[in-house]
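The values are calculated or read from the model by the stated rules, or taken from the named source; none is laboratory data. Everything numeric in this text was worked out from a predicted model, so none of it was measured. All Cβ positions, glycine included, derive from the backbone under ideal geometry; neighbour counts span all protein chains shown.
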Amino acid sequence: MADLVISEDFFQDKEPSGKTSHGDGENFHWIWPVNTGKNGAAFSDDEVKAAYADRGEEQVPLGVHGTTVAVDWDSCIAAGSCMSVCPVQTFQWYRTEQDVAATAVVDATFEGTGLTEQDERLDKTDKSMPIREHDCTVCMACQEACPTGAILIEQANAEFHEKAAGTYVKMEGSGNPHAHD
């Protein structure tokens, strides 16, 4: 397991830079401003750089996708290890559903129909999207399997997801947070 590149407080004092919605009309994941940026593993990986060049796309910082299942897209090298170990298919290759530049997923809606197997990516510009973040069982397998440490699983971050969405409600007396729609 690689050292984690996402700090535990990656969203502190930040507003999301956008979100990606699930086609179910209910679920979405936040996109947080750049965490590692050009210092991420994707910017030094020769295969990733070559894939961007082949597509004629500029490789730019993309930030962290997700809150409780956080994937640093600047460190994601499209290894697919997360997909091979996830028991609930939390992840999909975003380009296999919508073959667009990664910057185009901000405020976009995905149906969740992208491919979910390790080697099904279109190329090394593809990223592991936590499209079903809401289904995560917190087994931690993806975090442990990621070769670049680009994934942080933290269920306690659900509070920050809800606060950013304006759905966070702290229940009186219990001290336990619950989201209400």
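Things worth noting here:
- Segment 1-17 - residue that is touching a helix residue (DSSP H, G or I) at 6+ places or on another chain (Cβ under 8 Å) and surrounded by 12 or more Cβ atoms within 10 Å (Cβ to Cβ) and, of those, nearest to residue 158 (Cα to Cα): 11
- Residue check, residue 14 touching a residue at least 12 places away in the same chain (Cβ under 8 Å) and more than 17 Å from residue 74 (Cα to Cα): yes
- Segment 106-164: number of residues that are β-branched (Val, Ile, Thr), within 11 Å of residue 66 (Cα to Cα) and part of a loop (DSSP other than H, G, I, E, B): 1
- Residue 71 vs. criteria in contact (Cβ under 8 Å) with a residue 40 or more places away in the chain, within 27 Å of residue 135 (Cα to Cα), β-branched (Val, Ile, Thr) and in a loop (DSSP other than H, G, I, E, B): no
- Candidate set: segment 156-181, residues that are within 18 Å of residue 12 (Cα to Cα) and of a type in the set (A, V, I, L, M, F, W, C); chosen: the one modelled with the lowest pLDDT: 160
- Of all the criteria given as (1) under 15 Å from residue 14 (Cα atoms); (2) without any contact (Cβ under 8 Å) to a residue 24 or more places away in the chain; (3) not hydroxyl-bearing (Ser, Thr, Tyr), the one not satisfied by residue 31 is (2).
- With respect to the conditions (1) over 14 Å from the mean Cα position of the chain (by Cα); (2) on the phi > 0 side of the Ramachandran plot, residue 98 lacks only one, and its number is (2).
- One residue stands out in segment 74-93 among those that are part of a helix (DSSP H, G or I) and touching a strand residue (DSSP E or B) at 6+ places or on another chain (Cβ under 8 Å): the one that is surrounded by the fewest Cβ atoms within 10 Å (Cβ to Cβ), namely 83.
- Failed condition for residue 74, given (1) modelled with pLDDT under 95; (2) among the charged types (D, E, K, R); (3) under 25 Å from residue 3 (Cβ atoms): (1)
- Scope segment 17-41; condition on the phi > 0 side of the Ramachandran plot and assigned to a loop (DSSP other than H, G, I, E, B); matching residues: 25
- Restricting attention to segment 42-60, the residues being buried (at least 17 other Cβ atoms within 10 Å of the Cβ) and assigned to a helix (DSSP H, G or I) number 5.
- Just one of (1) in contact (Cβ under 8 Å) with a residue 60 or more places away in the chain; (2) surrounded by 23 or more Cβ atoms within 10 Å (Cβ to Cβ) fails for residue 126. It is (1).
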